[in-house]
Amino acid sequence: MAIKNNDAGTTYYCAKSISPYIDTLKKSAQNNKKRKNIEDIHDIRVSSRRIRSCLAIFVDCLPPKKVKTWQNEIKKITSAYGKVRDLDVQIDLVSSILHSIDDRKIRLGLRRVKLRLAQKREKKQKTTANLTNAILESPVLLEMQAWTKAVIANFDQDNYKSANLFKLGYKQIQSRLDEFLFYEVFIFDPDRVEELHQMRIAAKRLRYALEIFSDLYDGKTDFALDTARQSQQYLGEIHDADVWLA
């Protein structure tokens with residue numbers, strides 16, 4: 001949906017939405033550098049996906065000569081940590097199961113599985129560390145931060161909630177809802193692995209759109225946000241099981 005170039009309120013809302021996600025992304029990268037928690041990588045990926053959602057939704061508000069570079073850079077961050085995140089989740093699951101098993105033979109087998117997963121994870125650690133440093137030193141993120149701060153600082157209107165912004169919010173949420181519901185016919189067939197994976201991705205996109213426009217609608221759409229989040233969780237558990245099977 002095209003946005004009028006002079007719609008300062010929509011551009012302000014774009015900058016206001018992206019700014020905290022950039023801060024969270026850099027904070028998560030800093031935590032991951034210290035290897036505090038396996039959730040740090042998850043937080044990096046979630047933050048990057050939220051930024052990507054903002055860039056896609058508000059594409060006509062962004063600097064035309066910069067937007068493609070910004071989108072590509074953030075997409076690289078999301079993709080780069082995918083395999084590492086899967087390994088972390090698997091190692092964590094095996095560890096938790098080990099504590100609940102008394103059978104010695106089964107425990108030995110599980111320890112072997114955990115060792116193999118840990119070895120795969122260790123091989124990726126150097127690459128992961130380099131990626132994390134790249135986030136912290138990224139000129140693209142600095143550029144995006146500078147742009148959002150400038151937009152927010154220069155906005156001098158009393159109200160940013162224009163009719164154009166409401167139209168944008170409606171269209172973006174509706175299109176992502178349609179995409180999510182498209183996959184409804186596949187939910188009863190566990191063999192439709194790819195379709196269920198795509199439904200999970202659609203649930204994420206719907207959730208992020210609802211999060212982005214929650215403030216615009218004064219939280220009145222948050223009931224739908226809770227449903228989207230729960231759907232994403234269930235589909236995520238299915239995806240984790242499919243990763244194990246693969």
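The values are calculated or read from the model by the stated rules, or taken from the named source; none is laboratory data. Since the structure is predicted, the reported quantities are computational estimates derived from the model, not experimental observations. Methodologically, a virtual Cβ is constructed for each residue, glycine included, from the backbone with ideal geometry; neighbour enumeration extends over all protein chains shown. Areas reflect the complete protein model, heavy atoms only, side chains present, ligands, DNA and RNA absent. Shrake-Rupley method; radii C 1.70, N 1.55, O 1.52, S 1.80 Å.
Taking θ as phi - 60° and the Karplus parameters 6.51, -1.76 and 1.60, the scalar couplings of the range 170-187 work out to 4, 5, 5, 5, 5, 5, 6, 5, 4, 4, 5, 5, 4, 8, 4, 5, 9, 5 Hz in sequence order, x denoting glycine and proline. A 1.4 Å probe run over the chain, with the rest of the protein chains in place, finds 58 Å² accessible per residue. The chymotrypsin sites (Phe, Trp or Tyr not before Pro) of the range 98-195 meeting both criteria, a DSSP state outside H, G, I, E and B (loop) and at most 11 other C-beta atoms within 10 angstrom of the site's C-beta, are F188.
The angle between the Cα long axis of helix 39-57 and the longest principal axis of the Cα atoms of the chain comes to about 30 degrees, rounded to the nearest 10.
Summary of the geometry: the range 107-179 and the range 184-198, compared by the centres of their Cα atoms, lie 26 Å apart.
The trypsin sites (Lys or Arg not before Pro) of the range 117-214 that DSSP puts in a loop, and whose beta carbon has at most 15 other beta carbons within 10 Å, are K161, R192. Within a straight-line Cα-Cα reach of under 23 Å, K161 can be paired with the following lysines, leaving aside sequence neighbours fewer than 8 residues apart in one chain: K4, K16, K149, K171, K220.
For S162, the amide hydrogen comes within under 5 Å of no other amide hydrogen, counting only partners 5 or more places away or on other chains and with H modelled in the peptide plane. Share of pairwise Cα-Cα distances greater than 19 Å in the range 59-132 is 54 percent (whole percent). One entry in (1) 48, 21, 16; (2) 45, 28, 16; (3) 37, 23, 14 is semi-axes √(5λ) of the Cα gyration tensor in Å calculated from the shown coordinates; its label is (3). Based on DSSP H segments of at least four residues, each scored -39500 (n - 2.57), the chain has a per-residue ellipticity at 222 nm of -26500 deg cm²/dmol.
Between A203, A153, A134, the Gaussian network model of the chain with springs among Cα atoms under 10 angstrom shows the greatest mean-square fluctuation at A153. For the range 33-95, the list of trypsin sites (Lys or Arg not before Pro) that fall in a loop by DSSP and count at most 16 other C-beta atoms within 10 angstrom reads K34, R35, K36, K65, K66. Of all lysines in the structure, the ones whose alpha carbon falls short of 21 Å from that of K114, not counting any fewer than 8 places away in one chain, are K36, K83, K105, K123, K124, K126.
The base-10 log of I(q)/I(0) for the range 105-174, evaluated at q = 0.13, 0.15, 0.28 Å⁻¹, reads -0.73, -0.78, -1.10 [Debye formula, identical scatterers on Cα atoms, solvent excluded].
Tally up the carbon and sulfur contribution to the accessible surface of the chain as a whole percent, 1.4 Å probe, everything protein left in place.
Values: 7550 of 14180 Å².
Using a 1.4 Å probe with all protein chains present, the chain comes out at 53 percent carbon and sulfur.
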